[in-house]
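First up is the structure itself, then whatever we jot down about it.
The values are calculated or read from the model by the stated rules, or taken from the named source; none is laboratory data. All values derive from a computational prediction rather than experimental measurement. Heads up, the Cβs are rebuilt from the backbone with ideal geometry, glycines too, and the neighbour counts pull from every protein chain shown.
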Amino acid sequence: MGRAVPPRAEWAPRAGVFANIPGAGPMSIEFLPAIDLRHGKAVRLYQGDYTQETVYADDPVAIARQFAREGACWIHVVDLDAAKDGTSDHGELIAAIIRESGLRVELGGGIRTDADIERVLSLGAERIVVGTAAAENPDWFADAIRRYPGHLVAGVDVRDGEVATRGWIESSGVSLDAFVDWINDAGPAGIVFTEISRDGAMQGPDLDGLRRVLRRSRVPVVASGGISKLDDLREVAALGAVGPLFGIISGRAIYEGAFTVADGVRVLQEQG
């Protein structure tokens, strides 16, 4: 069912309905603290490399509750086990994070079938990030967008200008521009854009890449990767003038004490 996208192809347009992210105001930029799950713990990878893992917490539920206390409305959760291998034992943990934090959850990692989508929705997640399957099986993803309106988000994970898949391990051969053009037409609830070389590196966000996506995208965009200080948040937020920026994800900077979730929420509120 479906076909892989030809490398660097310009995908043919098709009709679509562009769903807005629930709860997004016309000028709102959400701060989404991140929890990446591996073997039941909250971790971060360096540039998506599974051999360069730092464990930050043994109790991800407690972390989520703390994020809620500090004023977050959304949380970005990634199941790294599922992203890499397609299998995971994190279902009960994810359900507990959602139930006990009260946060709205955007969840990604290993979502490749209708059964995966239904399982994640049953856990209570509101937005589901689909990366590998969107690039490798675009016909299925476009159909799934219609079956689950308002819930599916395209994960645009990029290395050297090409979309990466399989937990960022493989290159799809699909160019960033071609992928965003097709996403516009398919009409998911949004895009999560990550420049992999910046993820977990705390070396600053890829402003040029994000600007490129925002100028091209007709669906809301969440930016991820490279945030190391509050000024990075301000610089990314300023790009909301370029295109439909909905939110900014940060993980390692929070865990290493560069700033708090409360700081991030406040800065984005100040940005308007």
Considering each residue of segment 79-99, count those that are of a type in the set (Val, Ile, Thr) and within 14 Å of residue 116 (Cα to Cα), and give that number.
2
Does residue 231 qualify as being modelled with pLDDT under 95, surrounded by fewer than 21 Cβ atoms within 10 Å (Cβ to Cβ) and more than 15 Å from the chain's Cα centre (by Cα)?
no
Checked segment 63-94 for anything over 17 Å from the mean Cα position of the chain (by Cα) and among the acidic types (Asp, Glu); matches are 70, 85, 89, 92
Determine if segment 122-141 includes at least one residue that is over 22 Å from residue 178 (Cα atoms), aliphatic (A, V, I, L, M) and in a helix (DSSP H, G or I).
yes
Residues to consider are 91, 109; find the one that is within 30 Å of residue 138 (Cα to Cα) and surrounded by fewer than 16 Cβ atoms within 10 Å (Cβ to Cβ).
91
Looking only at segment 31-58, and only at residues there that are of a type in the set (Val, Ile, Thr) and crowded, with 16+ Cβ neighbours inside 10 Å, the one that is farthest from residue 254 (Cα to Cα):
43
Sort out which residues of segment 102-126 are out of contact with any strand residue (DSSP E or B) (no Cβ under 7 Å at 6 or more places or on another chain) and either farther than 18 Å from residue 150 by Cα or charged (D, E, K, R) (or both), and write them in order of number.
102, 112, 114, 116, 118, 119
Within segment 209-228, residues without any contact (Cβ under 8 Å) to a residue 40 or more places away in the chain, within 13 Å of the chain's Cα centre (by Cα) and at negative phi come out as 221, 223
By residue number, the members of segment 124-147 that are more than 17 Å from residue 194 (Cα to Cα), touching a helix residue (DSSP H, G or I) at 6+ places or on another chain (Cβ under 7 Å) and surrounded by 20 or more Cβ atoms within 10 Å (Cβ to Cβ) are 125, 138, 141, 142, 144, 145
